[in-house]
Amino acid sequence: GAFGALLSVAYSERNLSEEGHSTVRWDSGTSSGGFSAASPFAAARDAAVFHPRIPRYGQLIHDQERLGITGSLQWQPSSGTLLTLDSMFGKFDAKRTENFLEAISFSRTGAAGKPATVVLDGEIDDRGNLVYGVFDNVDIRSESRYDELTTKFSQTSLNLDHEFSDRFRMNALVGMSRSNFENPIQTTITLDRVDTDGYSWDYRGNDRLPVIDYGFDVNDPANWSFANGRSEIRLRPQSALNEFVTGRFDLVFDVSDQLVLKGGVTWKEYDFTSHEQRRASETLVPGIPAGITLAELTRLANFGAGLGLSGNSDQSWLIPDINAFAEALGIYSGTGIYAVSPNVASARGNNHFITEEDLSTYLQLDFFTEMGGVPIRGDVGLRNVNTDQTSTGFAVVNNTPVLISVNRDYDDLLPSFNIAADLSDDLVLRFGAAKVMSRPALGNLVPGVTVSVSGGNRVVNGGDPLLEPFRATTADLGLEWYFDEGALLSLAVFYKDIESFVQTSREVRPYNTSGLPESLLAGTGALPTDEFQFNIPINTPGGELSGFEIGYQQPFNFLPESWKGFGAIVNYTYVQSQIQYNTAAGLPSLRTDLVGLSEDAYNATLYFERNKYSIRVSAAYRDDYLTVVPGRNGADVEGTKGTFNVDMSASYNVNDNLELVLEALNLTDDFNDQWVDSAADRVVVYHHTGRQFYLGARYRF
């Protein structure tokens, strides 16, 4: 009677295929040196005309396995003491394959890029988009990437509840968790065909899924090459370790029936370590061994069955067979040209360590009273938080990479107030106000920069160890009406004054305008004149956010007995915001919506639960939202179009122990539709995963 134990085990497998079209953004006709001056269709060389940077079709295949184990032990040595030991273990294994057929010339400078590309013909729509084009001297690439990924997670905590008396009690907790992510194989191999004539794209019939004609048979090995200095073998093993240790001690004293005093202290330490290795030169590739043909090292990728592509679009193409290449060339030997190291310039920035130590103390008074016969309850509290962080990474000092550590600490004083009034037995009025803070993502706190080149995609990621956290003052007011058993109708309004905001500035400009040393480009195949996307986190003044939410839930108890078991849950949220964004130089840019936030969103669920059966159908909608402000490559903003998803779940209890479960996700086959420029609406990603179905079982004993 004083000891208890609990154990649960869960296992799942998921196989997912994603495919569609993407462009890696759009750029103007004058960028990257402009198109060839010999282009008969000279209008494409205008700064007001935009074209896709890397037009491509892609196929992504995910195979995932997940195992979860949880356990709990409880001991109650006396009526006032309870000791609980909780433990959790999770393992997530995944294999991921990405296949792309892409034209890489349109994002490159120099003789191997856009300046060598001749525009033979084209059509420009009224939004300045080059929606149709025919080109000569285009470099085409078939790219295949293979990843093996494992994440192991463990967590253990010990919790003690103890009552010293009827009015005085305590709670203490110590715990730790560890998440170890490993990506030992991240391999990309490319095949190339240079100076292809007759390449064309056509967005006129569908501005999300163009007809692309490559000008040659993309399935024939004779039309492809694997050449030193042009093709690539990327080996980028990496890992990340997160460790978290915490301790908490709380005291509660019942001053009277109307007042409860609470106080406590919490300590946390969070460590984050990142490692990556790369080859010294990813464009250094050997010749194919004698007696082996390219046909033996490749296979076909079948594509587009669920996209409804035009019959003129290729629905298969030749891709590198990574396993065949690995066996024939020994690319995992770790020696010679295949040796990987964390000291390679393009990998060095991803080797860093961050530790964060937080100490917070709080005091809170809960109260229960009446005013004019109306019961009122609430709390008022104050929390002081100290944050001490150390960021260690490679920064460029006097054009030389140097390992540096930056330490900083800061304090936040966070008051809060909550009150609720029971206006009647079924009507509750609530109000709350608080100052809140949220620390920046640890990846944004790394000193220095990381240079990454993947085909035509060139990125510089930077960090700032002195970033200020998100800070805001919030208030909300709500009214809840419990009009029937299990039923609720609620209305809430909310307001947030965001005083400090962390914005990731994304700017595209030539690498040689950044002030970074050209040595960081070693082995990448990129030129100093190439345009790179610079991602730098900066603090901005923030802005205001306000809105309201309406919620409704009810079991349909009013139905005849034979129909009982039906019910509904519905909510709608409206949010408007005005956030001040800055340029990379810190100057004011746009003042517009908060990134990631939809103005309108709703969820609706209709359910039936009775005896052994349960079924739920849910619909979820959110409208367009912004993802990047200001936009890149001359766009004002970037965003994602609204989504409408319908999901279904059903279960059947075979007996007291066994339950069968069926889930169907994305029955509407909604697409992930990302765009750039609010007026021109240029497609960036148009992918879908199709409808997903899962069958499962639960067993209890």
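The values are calculated or read from the model by the stated rules, or taken from the named source; none is laboratory data. The model shown is predicted, which means the values in this text are computed figures rather than measured ones. When we count neighbours, we look across all protein chains shown, and the Cβ atoms used for this are built from the backbone with ideal geometry, even at glycine. Ligands, DNA and RNA are stripped out before the accessible areas are found, and what is left, the full protein with its side chains, is counted by its heavy atoms. Shrake-Rupley method; radii C 1.70, N 1.55, O 1.52, S 1.80 Å.
Between the alpha-carbon centers of region 463-533 and region 647-701, tell me the distance in whole angstrom.
Between the Cα centre of region 463-533 and that of region 647-701, the gap is 27 Å.
What percent does the relative contact order of region 461-515 come to when contacts are Cα pairs within less than 8 Å and at least six residues apart? Display every interim value, and only then the final one.
Values: 55 pairs, mean separation 20.4, N = 55.
The value is 37 percent.
Checking the cross-link filter: which aspartates and glutamates have an alpha carbon closer than 17 Å to that of Lys268, excluding same-chain neighbours under 8 positions apart?
Counting by Cα, and skipping residues close in sequence, Lys268 has these aspartates and glutamates nearby: Glu243, Asp250, Glu356, Glu357, Asp358, Asp388, Asp409, Asp411, Asp412.
Expected output is a single nm value to one decimal: the length gained when fully extending between Ile292 and Tyr332, i.e. 0.36 nm times separation in residues minus the C-alpha distance. What is it?
Gain in length upon complete extension: 12.5 nm.
How high is the relative contact order of region 179-247, given as a whole-number percent (alpha carbon pairs under 8 Å, six or more residues apart)?
53
Using alpha-carbon positions, what is the distance between the centroids of region 326-360 and region 158-237, in Å?
17
Students often get this wrong, so try it: which of (i) 0.92; (ii) 1.11; (iii) 1.37 is Cα Rg over 2.2 N^0.38 Å as calculated from the structure shown?
Answer by label: (ii).
Please list Leu658, Leu60, Leu466 from largest to smallest accessible area, probe radius 1.4 Å, with all protein chains kept in place.
So, going from the largest accessible area down, we get Leu466, Leu658, Leu60.
How much net charge surrounds Thr97 when only other residues with a Cβ under 14 Å from its Cβ are counted (Lys, Arg +1; Asp, Glu -1)?
Result for the local shell: -4.
Quick one: check the C-alpha center-to-center distance for region 423-462 versus region 544-579, whole angstrom.
The two parts, judged by their Cα centres, are 28 Å apart.
Compute the signed sum of charges (Lys and Arg +1, Asp and Glu -1) over the other residues within less than 13 Å, Cβ to Cβ, of Asp202.
Working: positive: Arg204, Arg208; negative: Asp121, Glu123, Asp125, Asp207, Asp213.
Within the 13 Å Cβ shell, the charges total -3.
Which whole-number percent gives the relative contact order of the chain, counting Cα pairs below 8 Å spaced six or more residues apart? Write out the running numbers ahead of the final one.
Numbers: 1998 pairs, mean separation 63.2, N = 701.
9 percent.
Subtract the Cα-Cα distance of Leu423 and Met176 from 0.36 nm times their separation in residues, and report this length gain in nm to one decimal.
Separation in residues times 0.36 nm, less the Cα-Cα distance, equals 84.5 nm.
Carbon and sulfur atoms: what percent of the 1.4 Å accessible area of the chain do they account for?
Summing carbon and sulfur atoms, their accessible area is 55 percent of the total for the chain.
Considering only protein heavy atoms, what per residue accessible area in square angstrom results for the chain with a 1.4 angstrom probe?
46
State the answer as a single residue: which of Tyr602, Asn457, Pro401 lies farthest towards the positive end of the charge dipole of the chain, with beta carbon charges of +1 for Lys and Arg and -1 for Asp and Glu, about the Cα centre.
Positive-end residue among those listed: Pro401.
Accessible area, 1.4 Å probe, largest first: how do Leu120, Leu413, Leu695 sort?
From most accessible down to least: Leu695, Leu413, Leu120.
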